[in-house]
1. May I ask you to compute the full-extension gain from Ala325 to Thr387, defined as 0.36 nm times their residue separation minus their alpha-carbon distance, rounded to one decimal in nm?
2. Rank Glu270, Glu121 by accessible area, highest first, at a 1.4 Å probe radius?
3. Rounded, prolate or oblate: which one fits segment 95-228, using the alpha carbon gyration tensor with axes a ≥ b ≥ c (rounded when a/c is under 1.5, else prolate when a/b beats b/c, else oblate)?
4. May I ask you to derive the FRET efficiency for Glu121 and Ile98 from their Cβ-Cβ distance with R0 = 30 Å, giving the value to the nearest 0.05?
5. On a C-alpha basis, how far is the centre of segment 153-187 from the centre of segment 243-261 in Å? Whole number, if you could?
6. If I build a Gaussian network model for the chain, linking alpha-carbon pairs within less than 10 angstrom, which residue out of Asp93, Asp314, Asp303 has the largest mean-square fluctuation?
7. Counting only residues 5 or more places away or on other chains, whose amide H sits under 5 Å from the amide H of Gly401 once H atoms are built in the peptide plane?
8. Taking only the Cα atoms of the chain, how large is their convex hull per residue, in Å³?
Amino acid sequence: MKKTFYLVAVAFIFGLFTACDDDNDNDTPVINPTPKEQWEKTLRGDNQTLLAFPDIFADYWEYTYSYKDNPNIGLRLTGKYPKSRFFNFTIYDDETQIDMSSIEDVNIQPDDSSINPYTKETNDYGSNGYTIYIVPASTPANLRASMKNICEFPDTLNMVSVFMRLYLAKQYSGDEYGGVEMPAIQAFDVTTGKDVDFPKREKCNIHESLKMPPMDFSSDMKPLPFMQAPLNLMYPNSPAEYLFTRIKLNEGEVATFRFIPPTAPKSVSEYPTADVRYWSVCLGSSETYSYVSIYDEEMPKVDKDGFVTFIIADANSAKLENIKAKADANDGTYVLVWNRKEQGDGILALYRNMVINKNYDHSMREQMVSIPLEAAGGDMTNFNPMTMIAMLAMKNWGPQGYKFSEDDYLSEEFNYALIRRMQ
């Protein structure tokens with residue numbers, strides 16, 4: 001086990017799992033831009049153009065401006081609540097890609113005469129409004145007194161990036177925007193409170209210098225232990241935690257892993273009591289693009305012991321249909337099809353928990369320690385594998401996997417419990 005941990009822990013996956021893609025020519029000033037023109041165009045998780053292992057079921061937008069060139073300028077965002085499973089705003093130092101503050105859907109106070117549809121059931125999300133204030137730390141108290149929903153950043157920032165995220169918007173509302181317009185951005189002087197001209201949208205730093213650690217997918221180990229990724233680079237999404245394992249899928253193999261999943265809400269009334277707001281499993285390539293995802297509602301069954309089991313199979317295998325048939329015959333077993341010819345044999349399997357309930361007894365945030373950056377160089381001094389390997393820290397609620405030959409998986413002797421026993 002110590003050897004397995006040492007070998008696997010030299011590559012890491014971080015944070016937010018999004019990237020940016022310019023919509024407007026930043027050298028051309030926009031006169032009175034509409035809300036959609038103010039923001040970067042939709043950064044979709046499902047189109048294999050975003051780096052850093054995005055969730056396929058999420059969409060992202062960003063607006064970046066130079067605070068250095070626009071001192072004492074804050075932002076006021078006015079919008080309608082989108083219909084989605086989850087949405088939030090996060091403020092980043094665009095030079096370091098580290099989050100400064102954030103606000104989640106349930107904590108966004110509604111405007112007068114509106115309700116927050118993430119805390120009170122309604123079918124009419126779009127008629128309810130909110131206002132977000134993004135201000136430097138030096139903003140006077142008398143101005144703050146009239147504000148709801150404040151996100152703060154240090155006055156020392158040169159470049160400020162604002163990200164908005166929506167999860168399952170298309171599934172819930174029919175479009176990527178959650179059935180509403182993008183929130184409008186208005187700049188104002190934090191010393192006077194007066195509105196000022198809209199600052200030019202600058203190019204997000206993630207276009208130029210995505211801070212990815214080196215990754216090695218050459219390890220051909222059969223055990224597939226999951227570990228927690230640090231959330232301190234690449235525009236992290238603070239309500240989320242991630243477990244990952246790296247897989248080298250050879251011809252004629254399947255990769256498998258299983259765990260007891262958390263509960264996820266089926267309605268807004270269940271948001272306070274569900275174990276997590278959302279969970280998913282994503283498969284990404286060594287180039288950090290995501291190609292395969294499955295989320296909680298798509299996995300309605302567990303086996304008799306409460307486990308879900310995932311089988312990663314090669315799209316080009318002559319035995320794929322047999323593999324699917326065997327999986328279909330077992331409750332709680334789901335096949336994730338990976339195309340080795342097109343996407344390579346290096347796979348990053350990512351298990352995501354979003355908004356973990358503080359009362360959830362099997363929280364990866366509480367029970368695990370993320371791998372430190374210094375381990376990237378192989379220095380495992382003073383690192384405790386009991387807190388870094390998911391199965392050891394979380395027991396049955398932590399994913400654990402193993403690679404088998406296709407023939408072994410299809411044999412009558414195969415037992416799904418082998419996946420966790422094979423170390």
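1. Gain in length upon complete extension: 18.6 nm.
2. The most accessible residue leads, giving Glu121, Glu270.
3. Taking the square roots of the gyration eigenvalues as a ≥ b ≥ c, segment 95-228 is oblate.
4. Rounded to the nearest 0.05, the efficiency is 0.25.
5. 34
6. Asp303
7. For Gly401, the qualifying residues are Leu224, Phe226.
8. In the chain, the Cα hull volume divided by residue count equals 149 Å³.
The values are calculated or read from the model by the stated rules, or taken from the named source; none is laboratory data. Owing to the predicted nature of the structure, the values given are computational and were not obtained by experimental measurement. Please note: Cβ atoms are built from the backbone with ideal geometry, for glycine as well, and neighbour counts cover all protein chains shown. In case anyone asks, the SASA skips ligands and DNA or RNA and just uses the protein heavy atoms, side chains included. Shrake-Rupley method; radii C 1.70, N 1.55, O 1.52, S 1.80 Å.
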